[in-house]
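Student: Quick one: this structure, given as structure tokens, is what I'll be asking you about.
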Amino acid sequence: MKKIAFIGLGNMGGPMAANLVKKGHQVVGFDLSETALNSLASVGGKISNSALEAVKEAEVIISMLPSGKHVDELYSEEFINSLQPNTLIIDSSTIDAVTARSVANIAVSKGHKMIDAPVSGGTAGAQAGTLTFIVGGSQESFEVAKPILECMGQNIFHAGDSGAGQVAKICNNMLLAIHMIGTSEAINLGTRHGLDAAVLSEIMQKSSGRNWSLEVYNPYPGVMENAPASREYSGGFAVDLMTKDLGLAAEAGLETKTSTPLGNTALNLYRMWSETGNGKIDFSSIIQFLNGKSK
Ligand code: NAD
């Protein structure tokens, strides 16, 4: 049993913290949202009034925050200086590799272990404890973190040194955005020609168009009972978060002079969809944009 402080109990962090409680860890959580705090309390976690209070006795800290700015603000010098000696810090937020490396360097210089460990698998994976963790950091930190990550995930990869987890994660999310848009485009075309979305989806799933969006995250309402599309695109991976990840991929492309034409197109489509007031709903709602619908 470890004393774990969990900062950021949103769509992903909430169920991840709940899984740690289920596995017998003592979890103290902090979030700016009272609803998020109450949900952790309802599954047996402790809640606190601030991040500083949450980490007071922690052996392990896990953060699951929206963006690099939030991560940078959380891991201030005051915060890092307040930690127990040799704390294991796991940042699972999806952020830029530069921030991940700079925060980890400071933490390591103060005698702590820190890894970037962004995840894949969506809110369903977070709830089921089947996430994929993509880790950047030293081999030693990876080995120490692995048993904790296994309480929340099924596939734990070591991508390389600090920041490598973030690079691998944004490559994955750029591909996810591209195939979600492609899947939406295909379903939209088929239904405009009178095809049933469920029948068309099954055909493509068993043909060469097969992909993750078709298999577990169908963007058309009613095709998959558990997909965000069937609950008005609520409770999934927000359009604004996908836009953020595509921005990170575009920046990473600029840094290395790498062309990412489809990634850049996906970024523009998601940005336009967000600007029409849809930033908070699930990213599979891009099918509505292609269909000429707005909220
Ligand atoms: P979310 O917006 O649902 O949750 C973020 C939480 O952080 C919110 O509850 C917010 O109140 C809290 N927060 C913000 N600033 C804080 C602070 N200073 N202190 C404490 N809490 C603070 O977002 P999410 O969907 O859970 O995503 C979190 C991260 O995981 C993002 O980086 C996202 O890109 C990544 N991610 C999300 C998914 C997904 O399917 N939702 C999948 C993979 C990765």
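Student: Give just the number: which of (1) open to solvent by 30 Å² or more (accessible area, probe 1.4 Å); (2) under 19 Å from the mean Cα position of the chain (by Cα); (3) away from the ligand (no atom under 11 Å from the Cβ) does residue 85 not satisfy?
Tutor: All conditions are met except number (2).
Student: So which residues in the range 70-82 are near the ligand (Cβ under 9 Å from one of its atoms) and either surrounded by fewer than 18 Cβ atoms within 10 Å (Cβ to Cβ) or in contact (Cβ under 8 Å) with a residue 60 or more places away in the chain (or both), if there are any at all?
Tutor: Correct list: 70, 73, 74.
Student: Filter the range 264-277 down to the residues that are within 16 Å of the ligand (Cβ to nearest atom) and out of contact with any Ser or Thr (no Cβ under 6 Å at 6 or more places or on another chain) and list them by number. Lay out the reasoning, then the answer.
Tutor: First pass over the range 264-277, keeping only residues within 16 Å of the ligand (Cβ to nearest atom): 266-267, 270-271, 274.
Scanning the range 264-277 gives 266, 267.
Student: Filter the range 103-125 for residues that are touching a helix residue (DSSP H, G or I) at 6+ places or on another chain (Cβ under 8 Å) and more than 9 Å from the ligand (Cβ to nearest atom) and give the result.
Tutor: Within the range 103-125, 103, 106, 107, 110, 112, 113, 114, 115, 116, 117 meet the criteria.
Student: Of the residues in the range 147-177, how many are open to solvent by 50 Å² or more (accessible area, probe 1.4 Å) and out of contact with any Phe, Trp or Tyr (no Cβ under 8 Å at 6 or more places or on another chain)? Give the steps one after another, and end with the answer.
Tutor: Restricting attention to the range 147-177, the residues satisfying the condition of being open to solvent by 50 Å² or more (accessible area, probe 1.4 Å) are 147, 150, 154-155, 157-159, 161, 167, 171-172, 175.
Imposing the further condition that a residue be out of contact with any Phe, Trp or Tyr (no Cβ under 8 Å at 6 or more places or on another chain) reduces the set to 147, 150, 154, 159, 161, 167, 171-172, 175.
Residues flagged as open to solvent by 50 Å² or more (accessible area, probe 1.4 Å) and out of contact with any Phe, Trp or Tyr (no Cβ under 8 Å at 6 or more places or on another chain) within the range 147-177 amount to 9.
Student: Of the numbered conditions (1) crowded, with 21+ Cβ neighbours inside 10 Å; (2) within 8 Å of the ligand (Cβ to nearest atom), residue 66 satisfies every one except a single condition; which is it?
Tutor: It is condition (1) that residue 66 fails.
Student: Considering the range 1-43 alone, what residues qualify as being surrounded by fewer than 23 Cβ atoms within 10 Å (Cβ to Cβ), among the small types (Gly, Ala, Ser) and within 9 Å of the ligand (Cβ to nearest atom)?
Tutor: 10, 33, 36
Student: Please work out which one of (1) free of Cβ contacts under 8 Å to residues at least 40 places away in the same chain; (2) basic (Lys, Arg); (3) farther than 19 Å from residue 96 by Cβ is the condition residue 271 fails and give its number.
Tutor: Status for residue 271: all satisfied but (3).
The values are calculated or read from the model by the stated rules, or taken from the named source; none is laboratory data. Being a predicted model, the structure only gives us computed values, none of them experimental. For neighbour counting, all protein chains shown are included, and Cβ atoms are generated from backbone atoms with ideal geometry for every residue, glycine included. Calculation scope for accessible area: heavy atoms of the full protein, side chains included, ligands and nucleic acids excluded. Shrake-Rupley method; radii C 1.70, N 1.55, O 1.52, S 1.80 Å.
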